[in-house]
Each structure stands twice: as structure tokens, then as C-alpha cells.
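In what follows, a single structure is set out as C-alpha cells and then discussed.
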Amino acid sequence: MQIGKRIRLGLRRRRWYIRAIRKRRDLRRIRLRGARISSATNVVIAVARNEHVRLPYFLRYYRDLGIEHFLFIDNGSEDESVAYLSEQPDCSVWSTDASYRGARFGLDWVNWLARRYCLGRWVLHVDVDEFFVFPFCDTRPIRALTDWLDGSDIRSFGTMLIDMYPKGPVGEATYEAGQNPFEVASWFDSGNYTITRNWECKSLWIQGGPRARVFFRDDPSRSPALNKVPLVKWRRGTVFASSTHNVLPRGLNLVFDDLGGEKACGVLLHAKFLNTLGDRAKDEAVRAEHYAGGREYQAYAEGLESSPELWSNWSERYINWRQLEILGLMSKGNWA
């Protein structure tokens, strides 16, 4: 890599690190369970807005996975999210009405909490509609994965985001609080993905799936990226750079092997396409607080008006992680 590019990335990382420290002023502490954080090895950090209906299952899923503490940043919810989370003994909660876009789509807040409370811990940064699946997750807790990563001197773990959807119109996929969303949205694209290299950040760039073929069919290159590095062993100077698509230092992005052989990696099952998406898409399109002025949500709001079906003849019903490994969407690598 050219020295100029290396210097530029170093300056960018420093700038975002300093931004995170400054943006701490946006956050108002609602509930801090410091002793619980201090005793935790694996924590989740999530930014949420009006997600009360999703939170019960989200918490249950990650508790069953072995997550020991949750750090939530509530961004101006108008529902009961803050009250609900504040009552949970394994949740610390902060609130802010500041601009999500102005905080680099929440990353400044996440980077600050990780720096302040999670040094030396494994941080899993996910949205409330993302569910982490890793090899052997049906028989081993996340602590088994992170212990193996520690023993192998690996500081990050990559995933591909897989959009899940129902068979039938999205608007008819009714979801109720506490329900497993994959009882409603149980299908996914087994193929239809493109991979390119981001040489500057040493990462892969993955696109495709139902969002590319339905909502961005006219220009699939504008469809959302599906490559993620959500699980990171946090040290000083670490920052999420572009959502969890890229992390700095850039060596943390070397989570996939395209030179022969396979590195262990997982997936994030994405439970976005439920009946709750229609109203949310309209709201977020107006707020324009997401990437590119909410372009993605504008596409959803417009596309959902025709009650599209994402299911196709190439769709597969989700069974378990072994199915995804057979399809080449994740790998256990040399973790046995």
C-alpha cells in the first residue's frame, strides 16, 4: 500500500476517534450498570429508535447466545423503548435526540461507548433487526467463539448480511412483539450475490439479494452492502468506519479468505421485511437521517406501495447454519 494512502487512513481513524470523544456530549445516561459491564466478556452495542416491538425477542435471542451485557443508545424513540430497556438488569441505556446523520449514522456514539466501557472486551455491534449466526451456534455459546478467536490471536470476525423475507406480500407478514421474526420471514436468496474488493480497506464488498433484485433492480450497484465486521475485540484506536462494513485499523477487515482455503465467518440474518417496514420506511424517508439522505428507505417506501413479493423460484427456506455453510454463505474454517 502506498505510504500516502496509509497516512490518509491513519488520519481518518484519528479524526473519527476524536469525533467519538466529542460526540459523547450528545448522550444522556439513563441507566448505567457499570459492574455488569465490567464483568462481561462479550457485549452488544446497538442504536435503536422506536423498536419496542422488536426488543423482547432481540434480547432473548442474544441472551440465549451468551451475550452478557447490552449497551443501548436510544435515538429519540416515541414508544416505550427507553422504559422497557431501563428495566432490564443486563442493559445499560443512553438517550439522545441529536442527529443520527450528524453522528456518522450513530457510529460516533457506538465508538465512544466502546472506547469508554469496552476496552479488552468483544463488542458485537448490530441493529435490532440483525441476528448473529456463527458456526456451531446451536451447540456452543458466543464465549466459545471468542475464546477460540483469542487463542488464535484473531481480533475480528466477519459476516455476510442475509435478507430474510416472507412468501407473499411483505405488508401481510404480520409480526407481534416477542415473536421469532423468522417464523414470519423464513426465506432468503441462496445466490444472486456479487463480490468485489475494496483494496484501500482490505475488505470485500458484497451486494445482491432481494434488495438488489427488487428495490434496486434498475441499478443494483446502488443496493446496500452486505459485508459486515460486527464482532471486534476492542482496543484503543479502534473505530467502526462505515457502519460495520469496514473497521479501522484496516487489518481488522481481513475476515474473508479469497486466496484459497476459508476463514471462519458467519452471517447476520436480517429481519427487515415484515409488515412494520412500510410505516418505518415512510418515516425514515422523510427524516432523511440515514445514508445518502435516506435513499434506501425512499426505495422501500416507493417499492412497497405495489405490495411486492420478494419470494422467487430461487428462494430457500432457512433451516440452520449448516445449510448456510453448504451454500457457501458462511464457513467454520479451521474451527472444529
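The values are calculated or read from the model by the stated rules, or taken from the named source; none is laboratory data. Computed from a predicted structure; not experimentally measured. Don't worry about glycine lacking a Cβ; one is built from the backbone with ideal geometry, like all the others, and counts go over all protein chains shown.
Observations
- Failed criterion for Y61 (all others in (1) assigned to a helix (DSSP H, G or I); (2) free of Cβ contacts under 8 Å to residues at least 60 places away in the same chain; (3) not charged (D, E, K, R) hold): (2)
- Filtered by the rule that a residue be crowded, with 21+ Cβ neighbours inside 10 Å and not charged (D, E, K, R), region 162-172 gives I162, M164, Y165, P166, V170.
- Hey, V47 buried (at least 21 other Cβ atoms within 10 Å of the Cβ), over 24 Å from E284 (Cα atoms) and touching a residue at least 40 places away in the same chain (Cβ under 8 Å) or not: no
- Some residue of region 140-161 being crowded, with 23+ Cβ neighbours inside 10 Å, in a loop (DSSP other than H, G, I, E, B), in contact with a helix residue (DSSP H, G or I) (Cβ under 8 Å, 6 or more places away or on another chain) and touching a residue at least 60 places away in the same chain (Cβ under 8 Å): no
- Selection status of Y297, at pLDDT below 80 and in contact with an Asp or Glu (Cβ under 6 Å, 6 or more places away or on another chain): yes
Conditions (1) more than 20 Å from S243 (Cα to Cα); (2) of a type in the set (S, T, N, Q), marked per residue:
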| residue | (1), (2) |
| --- | --- |
| L11 | no, no |
| R25 | yes, no |
| L32 | yes, no |
| T41 | yes, yes |
| V53 | yes, no |
| Y61 | yes, no |
| D64 | yes, no |
| H69 | yes, no |
| N75 | no, yes |
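- The one condition from (1) modelled with pLDDT of 95 or more; (2) more than 30 Å from P249 (Cβ to Cβ) that D219 does not meet is (1).
- Region 117-131, subset touching a helix residue (DSSP H, G or I) at 6+ places or on another chain (Cβ under 7 Å) and of a type in the set (A, V, I, L, M, F, W, C), residue nearest to L107 (Cα to Cα): V123
- Any hit, region 149-170, residues being within 21 Å of F70 (Cβ to Cβ) and in contact with a Ser or Thr (Cβ under 7 Å, 6 or more places away or on another chain): no
- Residue that is surrounded by the most Cβ atoms within 10 Å (Cβ to Cβ), among those in region 202-259 that are polar (S, T, N, Q) and not in a loop (DSSP other than H, G, I, E, B): S203
- Considering region 260-278, and only residues there that are at pLDDT 90 or above and over 14 Å from P166 (Cα atoms), the residue that is surrounded by the most Cβ atoms within 10 Å (Cβ to Cβ) turns out to be G266.
- Residue pairs whose Cβ atoms lie under 6 Å apart, sitting 6 or more positions apart in sequence or on different chains, and linking a residue in region 104-127 that is under 19 Å from Y62 (Cβ atoms) and among the aliphatic types (A, V, I, L, M) to a partner that is part of a helix (DSSP H, G or I) and at pLDDT 95 or above, are V123/A114.
- Scanning region 194-248 for residues that are over 16 Å from the mean Cα position of the chain (by Cα) and of a type in the set (F, W, Y) gives W199, F215, F216, W234.
- Checking each residue in region 67-116 for being crowded, with 22+ Cβ neighbours inside 10 Å, among the small types (G, A, S) and assigned to a loop (DSSP other than H, G, I, E, B) picks out only G106.
- Of the set (1) loosely packed, with under 13 Cβ neighbours inside 10 Å; (2) charged (D, E, K, R); (3) modelled with pLDDT of 95 or more, all apply to R33 but (1).
- Scanning region 177-201 for residues that are surrounded by 15 or more Cβ atoms within 10 Å (Cβ to Cβ), in contact with a Phe, Trp or Tyr (Cβ under 7 Å, 6 or more places away or on another chain) and in a strand (DSSP E or B) yields a count of 4.
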